[in-house]
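Here the structure is laid out as structure tokens; the discussion comes afterwards.
Read the figures in this text as sums done on the coordinates, not as results from a lab. As the structure is a computational prediction, the values presented were derived from the model and not from experiment. Note that we place each Cβ from the backbone using ideal geometry, even for glycine, and neighbour counts take in every protein chain shown.
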Amino acid sequence: MKSLLDQLLPLHNNLLQLQIAMILQFRKQATLGCIGAILVGGILPVYAFLMGALISAPYSTSHDEIKKKTKMYTLAFLGMAFITLFLNVLQHYNFAVMGERLIKRVRERMLSKMLTFEVGWYEKEQNSTAATCSRLIDDASVVRSSVGDRISLFIQTIARMTIACTVGLVIAWRMGLVMIAVQAVIILSINCRKVLLEKPIKSQEESSKLAVEAVTNLQTITAFNSQSRILQMLKEAQEGPLRENLRQSWLWGIVFGTTISIQSCTWALFFWFSGYFTVEGYIGAQALFQILVLLLCNLGVIAELGTMTKDLATYTDVVSSDSDGYKPKKITGHIEMCEVDFAYPTRPNVIIFKGFSITIDAGKSTALVGQSGPGKSTIIGLIERFYEPLSGVVKIDGRDIRSYHLKSLRKHIALVSQEPILFRGTIRENIAYGMLASKEVDE
């Protein structure tokens, strides 16, 4: 199923390109936010460096030296608290402002794009009202989450790991190399876990769609006493995802246990090297504690980094209906349908019209009368060009409607459907809804 974001900007192949293109429009917030994220990323390695030094302070032989170091490191931690507060405000405020502005723009563009889709697009099962509304909310939230959280966290994480590895190599390059190797194994384990569990689990969209439709049509369900039937349908819709989740649980247990075992082995290797280098005199107690705290602090960062590698690249084949064509200044209203064959896109095997022809003269009132289902509304849909006929041609004023500019054509057509929807506003505003804003409406 294609996301509405995929149909938002066809020139952008994935969400990351869309984000970058839109972030460039807010350079000030992006620059300040990135500076804050980089500096916040450097706080943790400095914290680990000071913590390792503080842990090793009691190993000093002089009581005065222990007091001096403890006081110095305590004041350093107090200063870091205020610096961290300022930098986090700088980072998160700017990314939050940028994220809110982006989500506003994305929602506007998504709705604008949706209004260009043809009626046939909405009749597909995956594009029902409930599914579309759900995706409209979720997809817009993806941008806010990605910009406000994911990109911010990604920059912060890269800065933190780079500074931590550099500090580790400066303190004791031998143990620094061991620390980097251990981190590489842990990252590999997390990515293997992610790749092996990447098989998509059937989503709950079907059951969510059913629940939304049930609430929307509550009066009909109550009138027919269909509550039990709806609940049974909901239960059946959840059986497939439940079975898939149970299978995934077994795979998750095996993969998770294996990767945790590998990580435990890397820890054993780290401590063996720690003892070996200490015995050989390559590293002292303070450097050892600093390297250890650096590694411990980086483990949480590594786990976060593993959640930010999801590829959101998708493509779209939806074409906007706002194409070029003939723009008539006036239409008399002579309608012809010649040898039209038609079936709805959702039911291609059910032929509604076969060789159907009709002529409606301009300036005359024509009534299409018949029982439910023979195609009265379908004729209106073809005239409005909500659908394309399988064969044959629909003409207005002697011209194939496919040669008209679609919006210009529909400006000359007024339609009151079987089930009119009232928009928010007055009755007068609803009656005049199809008029241009610049035109005065007759009372």
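Averaging sequence separations of C-alpha pairs under 8 Å and six or more residues apart, then dividing by the length of the range 335-437, give the relative contact order as a whole percent.
Working: 104 pairs, mean separation 28.3, N = 103.
So the answer I get is 27 percent.
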Distance cut-off 27 Å, Cα to Cα: go down the list 354/395; 104/330; 329/354; 329/395; 209/411 and report the pairs above it.
104/330; 329/354; 209/411
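How much length is gained on full extension from residue 334 to residue 213, taking 0.36 nm per residue of separation minus their Cα-Cα distance? Working shown, then result.
Working: separation 121, 0.36 × 121 = 43.56 nm, distance 3.98 nm.
Here the answer is 39.6 nm.
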Would you please put 355-365, 169-179, 32-42, 263-273 in order of how densely packed they are, using the mean number of other Cβ atoms within 10 angstrom per residue and starting with the highest?
32-42, 169-179, 263-273, 355-365
Return the long-range amide H neighbours of residue 404 (sequence gap of 5 or more, or a different chain), with a cut-off of under 5 Å between placed amide H atoms.
326
